[in-house]
Structures are given as structure tokens and as C-alpha cells.
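**Student:** Before I ask anything, let me first share the structure, which is written out below as C-alpha cells.
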Amino acid sequence: MNRTIILFSLLTAGILATSGCSSSAGDTSSGSADSTSAVSRDIFAMDTFMTLKAYGENAPEALDSAVLRIEELEHELSVTDADSDIHKINTSGGNAVEVSEDTMNILNKAVSVSSDTGGALNICIYPVLKAWGFTADEYRIPTDSELDELLMNTDMSEVMLSGNSAAIPADYSIDLGALAKGYASDEITELLRENGVTSAIISLGGNVQSLGNKPDGTEWKVSVRDPFAPDSDMCIVSIGEKAVITSGNYERYFVGEDGKRYWHIIDPADGHPADNGLVSVTVIGSSGMECDALSTSLFVMGYPEAVEFWRKDPHYDLILVTDEGRIYYTPGISDSFTNISSMPAEMISEE
């Protein structure tokens, strides 16, 4: 194993809820609440810290149900839990495995987004992530020949879905990390709604998603990290009921003996960290799972391709940061986007 100088960023959150909607440790009241007081739950699941905050008299019970739902999803989707759907698929020897509705929903979305993005999203890339050491925090720089061999078993067309069963070749492995937290935030938001909550905001490792507006009727303010200074915020965007999800090269990385930085977002085309001109991609839309999947996909694509992809179906908004230190954002958030960094910001044209 190559020796490396490890610089693992603990700042996995690419975005933070601000201005009255961030949760503080210890704010875990389980008593009754009026329409303007917040009740929150802070948990660790899916390998990340999560904060759920809701308002109203139904909030305590609704949040308790949300925590149980997260634990259920973690059990189903974990790549390491021997009883999870994903582990069973990966160890089935190529045989079809019956999976939960949740797992099938995510698998179907993964296949769809992979097809739409020309393979930029690839859930079969897990063995490559392992080779780089990102799955166990044991970092190394694999050789090109090693990566070439691993990439031979990452063809998304080999993922077979039928009814409630899934199968992959015996020498394949999948991981739903690029979609799982986004799916979880969708599920939690809907669960809170069904339990009578009309105002809530959740942060799943930096994936922020809101239900309704703030109790006073105003929009939530969500800050996006500066990828060049992750301890600082780069911009603030005001949102109603939306998901705001960021992928960046500053979230998890190491520096090798060669002095280069290697991050965890892998380009399926060559097995190396995606280095196509973008350092941060934020996607804002109505579906957490879609935003999660697209933030990874567009990061892999790079700026020109990402913008062209958005222009074909602009039903979501973007905040893109290039490796040259420039911010680009889409017209849909022009009135709610505030740049608080020293970087220049420019609106992306629709044509």
C-alpha cells in the first residue's frame, strides 16, 4: 500500500441551514410544541450526522417516527450490513435477490439517471472506491492497471431489475451512496407531512431538505460551503419546500506522496477522482433523491456538459463552482441567491 499524507475533511456537510433553521446540539425536546417552537432530533446514521427539526404540536411524535424510518433505511441500504438488501445483492453470486420497495425505488432511479447522464452516475463503481481506500479510510493510490481491471466490472447495463428483484454479475458490487441520503430526505419529508407537520427542515450530512416555509411564513435560508475554504460559507439561497444538495471535492479527500489531492467522487470513465473543472455542484429541486444523484453526475461531467445537460430540462436549479474560482448559478434562483464570498458570481444563460 502506498504511504500517504492523509488529510480527511470532517466537514462532510456541503450545505448548512442558517438564519433560524440550523439545529444546535442538545435541542432534543420531546415534549409538546406550539406552532412556532422547534423540536429537533440529532442522530448519527448512514455514516453521517443528521439533524431533523420540525415545528408544531405533532412534531415530537413525527420526529420519533422519522428517526425510526432513517434506521430502517440504513438497515436496508447499507453496503456493509450483512442483512441489508445491498449486501445480499453483492454476495448473491449473480443470482436475483428479492429486495424492499425502498431499495427497488433507488435502483430504478440509479439506472435511469445513469442512462440520462451517459454513465456519469454509476452505482457499480464501489470496488474502485475501495481500491482508493475511501470506504475504510485507508487511503492509497491504485495503479492504472489495477483500475482498468476493476472498471471491467462496472457496466451499469449489467444491473438487472425485475419486479421486486435485483441481480448483478457475480464479480460486481454496488453501493447506493450517491442516492440514499436524498431518498431518505424525501421519505422523511413525506412522513412528517403525513403526521401533520407543515414546517420542518432536515439536514442529512449536509443534504438539506425543507417541508413548507418557516413557521412565520418566510422562506428558509440555506448556506453553501466555500469549496476553497470549507470552514466558511460561499453563498446563501432562500428556498421554500425544496432540497438543496451539494457534492464537492473538499468533502472527503487525501493528499498522496506525490503532493496531489485525491477526492472521493470517482469518474467512471477512468476510475480516477473526477477532475473536469468543477469543485462544487449544488442542485436545488423538489426531489432529494434526484438532487443527490444529479449533484454527483454533474460534478463528474464538468462545467460545459453540466450546463448543457441542465438546459435540456431545467426543472431544477444549480450553483456551480469551477476550479478557477468562479460561481455560476441558474436563473431560477436569481432573486434568492446571495453571494457572500470574494469569488465572482455569474448567472448561467438559458440558451
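**Student:** Can you tell me which residue among V237, V244, V283, V222 is buried (at least 19 other Cβ atoms within 10 Å of the Cβ), part of a strand (DSSP E or B), among the β-branched types (V, I, T) and in contact with an Asp or Glu (Cβ under 8 Å, 6 or more places away or on another chain)? Give the derivation first.
**Tutor:** Details: V237 fails: in contact with an Asp or Glu (Cβ under 8 Å, 6 or more places away or on another chain); V244 fails: in contact with an Asp or Glu (Cβ under 8 Å, 6 or more places away or on another chain); V222 fails: in contact with an Asp or Glu (Cβ under 8 Å, 6 or more places away or on another chain).
Just one listed residue meets the conditions, V283.
**Student:** In addition: Taking interchain pairs and intrachain pairs at least six residues apart, which have beta carbon atoms under 9 angstrom, with the first residue in segment 95-116 and touching a residue at least 24 places away in the same chain (Cβ under 8 Å) and closer than 15 Å to D175 by Cα and the second among the aromatic types (F, W, Y) and part of a helix (DSSP H, G or I)?
**Tutor:** What qualifies is D102/Y183; N105/Y183; I106/Y183; K109/Y183.
**Student:** A follow-up question, please. Looking at (1) touching a Leu at 6+ places or on another chain (Cβ under 9 Å); (2) under 30 Å from T143 (Cβ atoms); (3) surrounded by 23 or more Cβ atoms within 10 Å (Cβ to Cβ), find the lone condition where H272 falls short.
**Tutor:** (3)
**Student:** Which ones in segment 155-185 are in a helix (DSSP H, G or I) and under 12 Å from the mean Cα position of the chain (by Cα)? Show your work before the answer.
**Tutor:** Just the residues of segment 155-185 that are in a helix (DSSP H, G or I), to begin with: 156-158, 180-185.
The answer is A180, K181, G182, Y183, A184, S185.
**Student:** If you don't mind, another one. What pairs can you find where one residue is in segment 323-344 and touching a residue at least 40 places away in the same chain (Cβ under 8 Å), the other is in a loop (DSSP other than H, G, I, E, B) and among the aromatic types (F, W, Y), and their Cβ atoms are less than 7 Å apart, with a gap of 6+ or different chains?
**Tutor:** What qualifies is G325/F228.
**Student:** Continuing with the same structure: Do the conditions hold for G217, that is, is it assigned to a loop (DSSP other than H, G, I, E, B), out of contact with any Pro (no Cβ under 6 Å at 6 or more places or on another chain), touching a residue at least 40 places away in the same chain (Cβ under 8 Å) and at positive phi?
**Tutor:** On the way: assigned to a loop (DSSP other than H, G, I, E, B): yes; out of contact with any Pro (no Cβ under 6 Å at 6 or more places or on another chain): yes; touching a residue at least 40 places away in the same chain (Cβ under 8 Å): no; at positive phi: yes.
Answer is no for this residue.
**Student:** What is the residue count in segment 95-108 for residues that are surrounded by fewer than 21 Cβ atoms within 10 Å (Cβ to Cβ), in contact with a helix residue (DSSP H, G or I) (Cβ under 8 Å, 6 or more places away or on another chain), under 25 Å from G288 (Cβ atoms) and not small (G, A, S)?
**Tutor:** Filtering segment 95-108 for residues surrounded by fewer than 21 Cβ atoms within 10 Å (Cβ to Cβ) gives 95-98, 100-102, 104-105, 108.
Still in the list and also in contact with a helix residue (DSSP H, G or I) (Cβ under 8 Å, 6 or more places away or on another chain): 97, 100, 102, 105.
The next check asks that each one be under 25 Å from G288 (Cβ atoms); those that pass are 100, 102, 105.
This time we only want the ones that are not small (G, A, S), so: 102, 105.
Result for segment 95-108: 2.
**Student:** Report, ordered by the first and then the second residue, all pairs with beta carbons closer than 6 Å, sequence separation of six or more or different chains, a first member in segment 137-166 that is in contact (Cβ under 8 Å) with a residue 24 or more places away in the chain, and a second member that is in a loop (DSSP other than H, G, I, E, B) and among the hydroxyl-bearing types (S, T, Y).
**Tutor:** Listed pairs, sorted by first residue: N153/Y172.
**Student:** Would you confirm whether any residue within segment 81-94 is surrounded by fewer than 17 Cβ atoms within 10 Å (Cβ to Cβ), in contact with a Gly (Cβ under 9 Å, 6 or more places away or on another chain) and either among the small types (G, A, S) or modelled with pLDDT under 50 (or both)?
**Tutor:** From segment 81-94, those surrounded by fewer than 17 Cβ atoms within 10 Å (Cβ to Cβ) are 81-83, 91-94; that's our starting set.
Okay, now just the ones that are also in contact with a Gly (Cβ under 9 Å, 6 or more places away or on another chain), so none.
The answer is no; no qualifying residue exists.
**Student:** Let me ask another. Within segment 253-271, is even one residue within 18 Å of V224 (Cβ to Cβ), at pLDDT 95 or above, part of a helix (DSSP H, G or I) and not aliphatic (A, V, I, L, M)?
**Tutor:** No, because not a single residue in segment 253-271 is within 18 Å of V224 (Cβ to Cβ), at pLDDT 95 or above, part of a helix (DSSP H, G or I) and not aliphatic (A, V, I, L, M).
**Student:** Identify the residue in segment 190-204 that is surrounded by fewer than 21 Cβ atoms within 10 Å (Cβ to Cβ) and touching a residue at least 12 places away in the same chain (Cβ under 8 Å) and, among all such residues, is nearest to A45 (Cα to Cα). So that I can check it myself, show each step before the final result.
**Tutor:** At the first step, the residues of segment 190-204 found to be surrounded by fewer than 21 Cβ atoms within 10 Å (Cβ to Cβ) are 190-191, 193-196, 198.
In the following step, the residues that additionally are touching a residue at least 12 places away in the same chain (Cβ under 8 Å) were identified as 191, 193, 195-196, 198.
Details: L191: 18, R193: 22, N195: 22, G196: 25, T198: 24 Å.
Once the filter is applied, the top-ranked residue is L191.
**Student:** Something else about it: Any idea which of R225, R252 is touching a His at 6+ places or on another chain (Cβ under 6 Å) and in contact (Cβ under 8 Å) with a residue 40 or more places away in the chain? Lay out the reasoning, then the answer.
**Tutor:** On the way: R225 fails: touching a His at 6+ places or on another chain (Cβ under 6 Å).
Just one listed residue meets the conditions, R252.
**Student:** Taking the options S223, S199, name whichever one is within 18 Å of the chain's Cα centre (by Cα), over 23 Å from D85 (Cβ atoms) and hydroxyl-bearing (S, T, Y).
**Tutor:** Working: S199 fails: within 18 Å of the chain's Cα centre (by Cα).
Answer to the selection: S223.
The values are calculated or read from the model by the stated rules, or taken from the named source; none is laboratory data. Source: prediction; values computed, not measured. Using ideal geometry, Cβ is built from the backbone for each residue, glycine included, and neighbour counts are taken over all protein chains shown.
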